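A.B. asks: There's a structure below that I have some questions on.
The values are calculated or read from the model by the stated rules, or taken from the named source; none is laboratory data. Because the structure is predicted, anything quoted here is derived from the model rather than measured. All Cβ positions, glycine included, derive from the backbone under ideal geometry; neighbour counts span all protein chains shown. Surface areas here come from the heavy atoms of the whole protein model, side chains and all, with no ligands, DNA or RNA. Shrake-Rupley method; radii C 1.70, N 1.55, O 1.52, S 1.80 Å.
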Amino acid sequence: MPRQFRPLDSRVLWISFVAMLLGGAVAVVAKVLTRLIGLVTNIAFYGRWSFDFVSPAANHLGRLAILVPVIGGLIVGAMARWGSRAIRGHGIPEAMEQVLLNESRIPPRITWLKPVSSAIAIGTGGPFGAEGPIIATGGALGSLIAQLMHVTADERKTLLASGAAAGMAAVFSAPIAAVLLSIELLLFERRARSLIPVALATTVGTGVRYLLEGNQPMFPMPDMATPSLPALAVYVILGLIVGVVSVGVTRLTYAIEDGFEKLPIHWMWWPALGGFVVGIVGYFMPLTLGVGYTNIAAVLAGQMTLGVMLALCLLKLLSWSVALGSGTSGGTLAPLFTIGGALGGVLGIWLAAAVPSLHIDPRMSALVCMAAIFAGASRAFLTSVVFAFETTQQPHGLLPLLGACAAAYLISGLLMRNTIMTEKIVRRGVRVPSDYAADYLDQIYVRDACSREVVSLRASQTFAEIRAWLTSDATATKHQGFPVVDDNGQLLGVVTRRQLYDATLSDETKVGSLIQRPPLVVREDHTLREAADHMVEAGVGRLVVVSRETPHRMLGIVTRGDLLAAHARRLREARELSRHLGKKSPSA
């Protein structure tokens, strides 16, 4: 009989221990990567040897600054061609593809190629955040460690997600959002055996960040008041608007990528072309260069004017979409937060001036739009809400964030089939899960789906008797398998219709002699999921159902057809429209 499902076992303790060690290691890697980005930035824009994490915006290179991203693009293109093409892009789609198609096995060289290429791309002015490469590197490190151990594919996926989540937590000090991100974009499930190791990894990763960086919020904001009901309605409407914008941003990015695909030159040179656009935009608007975390903090704190935010929103979008479409190495989170936050700040200032009675706070507007654009573009709904809260620690922002992100998610889902995270791999033929529901078969007991009226054969019957019965064309003869019992009704095994039609056996052969192995059974208190797994592992299409008290007494039989028929109720509940209140009862 199948083992009854247990949500946790002793293996989870071992995987959790490894995940915690991984979380600490990834937090250190995150610190090293940010220092490496600082080193490249200082050398490229300031001509000095320093690991300080600085912005390229204050450089005095003049027009020479245009060439810096071009040089960075050339180096990244060469690394992608002769190292690994997997370093191109922001890393999360590639990790998703490995989870879905390759049992979470990421090539070991990505563990060092991705952070180095990203440090070069971002340090030379690439308009990306450091979080994307760190998430990808953490996932690659988790996969590498798992490939060195004797683990299942599920456990390898858990360690990959643990490393990725720890990387995000170490950058933004947002452990809960990091766990949610792993659920919504990497694990494609919410099971205790995977959730617990990921949560422990992010806890350790965040703790190491506190030790190295302190526990201040990533984007500190002045305290904000609870929004009024009219203001709350406006923030939800802003979420709808930003949802449309997120669709446009996604389509623009992939349209630019399609444009690069049509160029008559090798893809190795595309990052350099993208770097040229980055350099031009950065020359006129230096704030678009680099990770831009300080820009996000300034927008949320209300320290930017309307004109600067409008220019930052439009030019950051241009610079980032071209750079990402060119196939260089970098992240998407920080650029999207910058674009959404700046757009929200602009709309907030305009609304506050146009309709003062609404009491719109431009800082709150920037916060909700920053989260809403990520919710719309990635469909990581809960991640977006919790991330904005954790990085600002503004409790009064939770309700506007919830409404705005839900609105953005709704509009995005109606207007766009895929997301900025999944479009690339969907084009390669990968089917990406989008809705996570409880396993329907796991909710139904075998006793509620099995056939109780079972046609059985006696072991003492001869082939002559059975063949005469089979040729009678009675309804009971149409089954594909028949349980065999002894004269006392005790179950002995199962024979198939094919065995009964074996012409090489004589008429005097007893049915009981055909039994080749003990009967494959399932108890009535097992679930259909456990029964289905048992069928797959045993390579059979039917199981005899027995009771717990009398395991040799047959109660019924469950077949593959019964498993499919069990889904009829699920389909009916999802599709049939009905009304119950207001209907006249048949007995009335």
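A.B. asks: Evaluated at 25 °C with a viscosity of 0.890 mPa s, what Stokes-Einstein diffusion coefficient in µm²/s does the chain have when Rh comes from the Kirkwood expression over alpha-carbon pairs?
C.D. replies: Diffusion coefficient, whole number: 91 µm²/s.
A.B. asks: Sticking with this one: At 25 °C and 0.890 mPa s, grab the translational diffusion coefficient of the stretch 191-258 from Stokes-Einstein with a Kirkwood Rh over Cα pairs, rounded to a whole number in µm² per second.
C.D. replies: 147
A.B. asks: Let me ask you something else. Need the C-alpha centroid separation for the stretch 112-138 versus the stretch 393-468, integer Å.
C.D. replies: Each part's Cα centre sits 36 Å from the other's.
A.B. asks: If you take every DSSP beta bridge whose two residues both sit in the chain, what share of them, in percent to the nearest 5, is antiparallel? Display every interim value, and only then the final one.
C.D. replies: Values: 14 of 20 bridges.
Of all bridge pairs located within the chain, approximately 70 percent are antiparallel.
A.B. asks: With only alpha-carbon pairs counted, each pair once and no self-pairs, how large is the Kirkwood hydrodynamic radius of the stretch 238-308 in angstroms?
C.D. replies: This gives a value of 14.9 Å.
A.B. asks: Residue by residue, what Karplus-based ³J(HN,Hα) values in Hz, rounded to whole numbers, does the stretch 542-559 have, using 6.51, -1.76 and 1.60 with θ = phi - 60° and x for Gly and Pro?
C.D. replies: With coefficients 6.51, -1.76 and 1.60, one gets 7, 9, 7, 9, 10, 9, 5, 6, 10, x, 9, 9, 6, 9, x, 9, 10, 10 Hz.
A.B. asks: Mean shadow of the stretch 163-227, computed from the convex hull of its alpha carbons, in nm²?
C.D. replies: Orientation-averaged projected area of the Cα hull: 5.5 nm².
A.B. asks: Report the local net charge at L492: Lys and Arg +1, Asp and Glu -1, summed over other residues whose C-beta lies under 13 Å from its C-beta.
C.D. replies: With Lys, Arg at +1 and Asp, Glu at -1, the net is +2.
A.B. asks: Can you compute the modelled spin-label distance between S456 and R63, with each label point 7 Å from Cα toward Cβ, in nm?
C.D. replies: Between S456 and R63, the label points sit 9.4 nm apart.
A.B. asks: What whole-number value in Å² describes the accessible area per residue of the chain for a 1.4 Å probe?
C.D. replies: 45
A.B. asks: Turning to a different aspect of this structure: Can you tell me what percent of all Cα-Cα pairs in the stretch 356-478 are more than 23 Å apart?
C.D. replies: I get 61 percent for the Cα pairs in the stretch 356-478 exceeding 23 Å.
A.B. asks: Based only on the alpha carbon positions, what is the Kirkwood hydrodynamic radius of the stretch 46-145, in angstrom?
C.D. replies: Taking the inverse mean of 1/r over all distinct Cα pairs, the stretch 46-145 comes out at 14.5 Å.
A.B. asks: What are the semi-axes of the equivalent ellipsoid of the stretch 286-433, taken as the square roots of 5 times the eigenvalues of the Cα gyration tensor, listed largest first and rounded to whole Å?
C.D. replies: Each semi-axis is √(5λ); the values are 26, 19, 13 Å.
A.B. asks: Moving to a separate point now. Under 5 Å between amide hydrogens, which residues at least 5 positions from L555 or on another chain qualify, with H placed 1.01 Å from N in the peptide plane?
C.D. replies: Counting only residues 5 or more places away or on other chains, the set is V545, V546, S547.
A.B. asks: Sum -39500 (n - 2.57) across every DSSP H segment of at least 4 residues in the chain, then divide by the residue count to get the 222 nm mean residue ellipticity, nearest 500.
C.D. replies: Details: 22 runs with 327 residues, N = 588.
Dividing the helical sum by the residues of the chain leaves -18000 deg cm²/dmol.
A.B. asks: Continuing with this model, one more query. Given a 1.4 angstrom probe, I'd like the percentage of the accessible area of the chain that is carbon and sulfur, rounded to a whole number.
C.D. replies: 61
A.B. asks: Specify the inter-centroid distance of the stretch 231-283 and the stretch 170-216, based on alpha-carbon positions, in whole Å.
C.D. replies: Taking the Cα centre of the stretch 170-216 as reference, the centre of the stretch 231-283 is 28 Å away.
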